[in-house]
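Quick notes on the structure that follows.
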Amino acid sequence: MVRTPSTMLPLGTEAEDFSLTNIDGRTLSFADVAGERGTVLMFICNHCPFVKHVANELAAIGHEYMPKGVGMVAINSNDVAAHPADSPEQMVHESEQRGYPFPYLFDETQEVAKIYGAACTPDFYLFDGNHKLVYRGQLDESRPDSGVPVTGEDLRKAIDALLESRPLPQPQRPSIGCNIKWRPGNEPQYFLNP
């Protein structure tokens with residue numbers, strides 16, 4: 001597995017809108033998934049060992065923070081022709097198995113991953129109530145086979161600071177995961193020339 005870091009989109013970047021299909025067939029935009037107090041947007045998939053390692057914690061964070069006015073959404077941008085385990089049908093099973101309380105959207109064209117500068121799975125972004133980026137980076141220090149427990153500490157601290165109107169933790173460390181599986185010839189410039 002290739003360890004790819006996130007690109008660390010500049011803080012203050014405004015959330016870009018999108019129109020993607022959820023696993024239940026509905027088409028959702030950023031406004032549809034945004035929370036009044038903030039929004040966690042994450043790029044994940046089904047097969048990546050880094051995502052599998054944290055998937056249950058993602059569900060737990062959703063169950064804990066969505067009732068507090070934080071929107072959450074997961075997006076899968078992988079090339080499903082090359083990676084059928086990430087197909088929309090398998091996304092339904094993954095969401096049910098993990099108990100994801102948030103929408104799980106399919107970015108078939110991979111354009112949403114590009115506009116957010118997503119590079120890896122998982123890749124996390126936290127926007128405030130005005131849709132400005134206040135956190136991007138890792139969930140926590142845990143990695144597959146690291147022996148470090150999955151706690152969601154970094155993302156949780158960022159969400160808590162946002163909810164309590166405190167400065168967000170610094171420094172913010174990049175997420176590490178598998179690279180997004182780009183369709184041949186569709187790789188974004190930031191991925192080709194890191």
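Among F18, F50, which is in contact with a strand residue (DSSP E or B) (Cβ under 8 Å, 6 or more places away or on another chain), within 16 Å of E111 (Cα to Cα), aromatic (F, W, Y) and at pLDDT 95 or above?
On the way: F50 fails: within 16 Å of E111 (Cα to Cα).
Among F18, F50, only F18 is in contact with a strand residue (DSSP E or B) (Cβ under 8 Å, 6 or more places away or on another chain), within 16 Å of E111 (Cα to Cα), aromatic (F, W, Y) and at pLDDT 95 or above.
Is it the case that D145 is out of contact with any strand residue (DSSP E or B) (no Cβ under 6 Å at 6 or more places or on another chain), surrounded by 15 or more Cβ atoms within 10 Å (Cβ to Cβ) and of a type in the set (D, E, K, R)?
Working: out of contact with any strand residue (DSSP E or B) (no Cβ under 6 Å at 6 or more places or on another chain): yes; surrounded by 15 or more Cβ atoms within 10 Å (Cβ to Cβ): no; of a type in the set (D, E, K, R): yes.
When the stated conditions are applied, D145 does not pass them.
Any residue in segment 170-186 that is touching a residue at least 24 places away in the same chain (Cβ under 8 Å) and closer than 19 Å to D145 by Cα sitting within a Cβ distance under 8 Å of a residue that is buried (at least 18 other Cβ atoms within 10 Å of the Cβ) and among the aromatic types (F, W, Y)? List the pairs, counting only those 6 or more apart or interchain.
S175/F124; I176/F50; G177/F50; C178/F50; N179/F191
Please state which one of V2, V51 is over 23 Å from L163 (Cβ atoms), over 16 Å from the mean Cα position of the chain (by Cα) and in contact (Cβ under 8 Å) with a residue 60 or more places away in the chain.
Being over 23 Å from L163 (Cβ atoms), over 16 Å from the mean Cα position of the chain (by Cα) and in contact (Cβ under 8 Å) with a residue 60 or more places away in the chain holds for just one of V2, V51, which is V2.
For a quick check of your reading of the model, give me the residue pairs whose first member lies in segment 63-82 and is touching a residue at least 24 places away in the same chain (Cβ under 8 Å) and of a type in the set (D, E, K, R), whose second is in a helix (DSSP H, G or I) and surrounded by fewer than 24 Cβ atoms within 10 Å (Cβ to Cβ), with beta-carbon atoms closer than 7 Å and at least 6 apart or on different chains.
Taking only residues 6 or more apart or on different chains, the pairs are K68/L163.
Considering (1) under 16 Å from the mean Cα position of the chain (by Cα); (2) in a loop (DSSP other than H, G, I, E, B); (3) buried (at least 18 other Cβ atoms within 10 Å of the Cβ); (4) modelled with pLDDT of 95 or more, say which one T7 fails and leave the rest.
Checking T7 against (1) under 16 Å from the mean Cα position of the chain (by Cα); (2) in a loop (DSSP other than H, G, I, E, B); (3) buried (at least 18 other Cβ atoms within 10 Å of the Cβ); (4) modelled with pLDDT of 95 or more, the one that fails is (4).
Name the residues in segment 83-107 that are free of Cβ contacts under 8 Å to residues at least 60 places away in the same chain, part of a helix (DSSP H, G or I) and closer than 16 Å to K181 by Cβ, would you? Walk me through it before giving the result.
Applying the first criterion (free of Cβ contacts under 8 Å to residues at least 60 places away in the same chain) to segment 83-107 yields 84-85, 87, 89-90, 93-94, 96-101.
Filter again for part of a helix (DSSP H, G or I), leaving 84-85, 89-90, 93-94, 96-98.
Within segment 83-107, P84, A85, Q90, E94 meet the criteria.
The values are calculated or read from the model by the stated rules, or taken from the named source; none is laboratory data. If you're wondering where the values come from, they're calculated on a predicted model, not measured in any experiment. Because the Cβ atoms are built from the backbone with ideal geometry, glycine has one as well, and the counts that use them run over all protein chains shown.
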